[in-house]
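The structure appears right after this line, and notes come after that.
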Amino acid sequence: MATLQGEKVTLRPAIASDVTELVRIRSTPEVLRWWRGGEDMAASVAEDLAEEGTETFVIEHDGRVAGAIQWHAEDEPDYRHAGIDIYLDPAVHGRGLGADAIRTLARHLIVDQGHHRLVIDPAADNSAAIRCYSNVGFRPVGVMRDYERGLDGTWHDGLLMDLIADELIG
């Protein structure tokens with residue numbers, strides 16, 4: 001995995017020594033609401049970093065860890081595409097770092113990895129994330145009903161969004 005440079009952020013491969021800072025970020029109420037993590041957050045983050053078929057980058061801003069972004073691919077030739085997931089430290093929300101990170105990874109997936117289509121699936125009521133993804137060029141495809149279980153134990157809808165290579169903004 002190579003380091004990727006955006007306008008505001010650097011995406012570098014996540015390593016074991018990043019777990020402590022990623023645990024701090026994932027444990028904030030604003031991130032935990034969407035990402036969860038189980039009773040042992042350190043184990044959950046470490047599992048994410050080691051997940052087979054998923055590449056995780058740390059998002060750095062001003063030399064500090066600001067979050068993580070990961071991607072995975074569907075390699076079946078007739079359905080080939082890549083999916084993205086991201087979380088950011090609430091302390092840096094609203095600065096355009098998420099859009100920059102997504103745009104940077106999307107460009108890498110399209111140009112360097114040859115993907116023609118990308119997907120992302122925020123919670124249907126995560127309006128800030130949906131706005132961010134739309135600013136990069138992702139479009140809503142449809143609502144996935146009862147898509148994931150929330151912290152409260154009930155099922156919540158997800159929004160499937162996709163981006164075709166020539167729709168990338170920026």
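The values are calculated or read from the model by the stated rules, or taken from the named source; none is laboratory data. These numbers come from a predicted model, not from an experiment. A quick note on method: Cβ atoms are made from the backbone with ideal geometry, for glycine too, and the neighbour counts reach across all protein chains shown. To get the accessible areas, we keep the full protein, side chains included, count just its heavy atoms, and leave off ligands, DNA and RNA. Shrake-Rupley method; radii C 1.70, N 1.55, O 1.52, S 1.80 Å.
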Find out how many positive minus negative residues lie around residue 95, taking Lys and Arg as positive, Asp and Glu as negative, among other residues whose Cβ is under 12 Å from that of residue 95. -3
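If you roll a 1.4 angstrom probe over the protein chains with everything in place, what fraction of the accessible area of the chain belongs to carbon and sulfur, to the nearest %?
On the way: 4370 of 9020 Å².
Within the chain, the accessible surface is 48 percent carbon and sulfur.
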Using θ = phi - 60° and the Karplus curve 6.51 cos²θ - 1.76 cosθ + 1.60, what whole-Hz ³J(HN,Hα) does each residue of region 107-123 get, with Gly and Pro shown as x? 4, 4, 5, 7, 6, 8, 9, x, 7, 9, 9, 10, 10, 8, 9, x, 4
Would you mind pulling out the separation of the Cα centroids of region 24-50 and region 87-121, in Å? 19 Å
Phi to ³J(HN,Hα) by Karplus 6.51 cos²θ - 1.76 cosθ + 1.60 over region 61-74, Hz, x for Gly, Pro: 9, 6, x, 10, 5, 10, x, 9, 9, 9, 9, 9, 10, 9
Hey, what do the phi angles of region 42-47 turn into as Karplus ³J(HN,Hα) couplings, whole Hz, using 6.51/-1.76/1.60 and θ = phi - 60°, x for Gly and Pro? 4, 5, 5, 5, 4, 4
Whose amide H sits under 5 Å from the amide H of residue 67, counting only residues 5 or more places off or on another chain, with H placed in the peptide plane? 59, 89
Using modelled amide H (1.01 Å from N, peptide plane; none on Pro or chain starts), what sits under 5 Å from the amide H of residue 81, excluding residues fewer than 5 places away? 74
Heavy-atom accessible area per residue of region 1-93, all protein chains kept, 1.4 Å probe, expressed in Å², is 55 Å²
Diffusion coefficient in µm²/s returned for the chain by Stokes-Einstein, Kirkwood Rh over C-alpha pairs, 10 °C and 1.306 mPa s, is 98 µm²/s
For residue 6, the residues 5 or more places away or on another chain with a placed amide H closer than 5 Å to its own amide H are 11
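How far, in nm, would the chain grow between residue 36 and residue 75 when pulled straight, counting 0.36 nm per residue and subtracting the alpha carbon separation? Working shown, then result.
Numbers: separation 39, 0.36 × 39 = 14.04 nm, distance 2.75 nm.
Length gained, residue 36 through residue 75: 11.3 nm.
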In the chain, once you exclude exposed GluC sites (Glu not before Pro) (DSSP loop, at most 12 other Cβ within 10 angstrom), what's the longest stretch remaining? 53-170
